[in-house]
1. What is the gain in length, in nm to one decimal, between residue 109 and residue 140 on full extension, counting 0.36 nm per residue of separation less the C-alpha to C-alpha distance?
2. Roughly what % of Cα-Cα distances in the range 94-137 sit above 12 Å, to the whole percent?
3. Distance between Cα centroids, the range 104-143 to the range 70-88: provide it in whole Å.
4. For residue 66 paired with residue 147, estimate the spin-label separation in nm (one decimal), with each label point 7 Å from Cα along the Cα-to-Cβ line.
5. Express the C-alpha Rg of the range 62-156 as a ratio against the empirical globular expectation 2.2 N^0.38 Å, rounded to two decimals.
6. Computed FRET efficiency, Cβ-Cβ of residue 119 and residue 99, R0 35 Å: what is it to the nearest 0.05?
7. Using label points projected 7 Å from each Cα along Cα→Cβ, tell me how many nm separate residue 40 and residue 74, to one decimal.
8. Could I have the simple spin-label model distance between residue 49 and residue 131, label points 7 Å from Cα toward Cβ, reported in nm to one decimal?
């Protein structure tokens, strides 16, 4: 089974619905209707199920990239999708998942350079557009990811 097929199986097989995260949504009950009103991007777009579908789509792009695919050659994609969905959930205002120190620790052995990070951002932006994330929300997400570049990039840049 290919890496992308394994990741796709994660959602199609119901795995996304079974991701366990110790948190509760933080919306407020509207006084007149009793309905939950979303306060964060995470809630507005549909929570963990939406983020997991987004992450799977993003990794389809990543695994098709000549530059990025080798970083994932020996990865457990199902596990990676789960971790990435938790991380992106926190970026979108959901529960906090990983500190910057953890980001550095899990990426330090990969030798990720600026070009690889830039391509990841490019593919991420394309996925955000496909998933109809508003421009304002997309800009906030990308700004958050770019702010974490120093914790992810540790390889030499070969830009000329």
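Values quoted throughout were computed directly from the atomic coordinates according to the rules given, and no laboratory measurement underlies them. Here the structure is a predicted model, which is why all the values come from computation and not from measurement. Counting neighbours? That spans all protein chains shown, and the Cβs are built from the backbone with ideal geometry, glycine included.
1. In short, 8.4 nm is gained.
2. The proportion of pairs with Cα distances above 12 Å equals 72 percent.
3. Taking the Cα centre of the range 70-88 as reference, the centre of the range 104-143 is 14 Å away.
4. Here the answer is 3.6 nm between the modelled labels.
5. Relative to the rule-of-thumb radius for its length, the range 62-156 sits at 1.05.
6. 0.90
7. Each label point lies 7 Å from its Cα, and together they span 3.4 nm.
8. About 1.5 nm, to one decimal.
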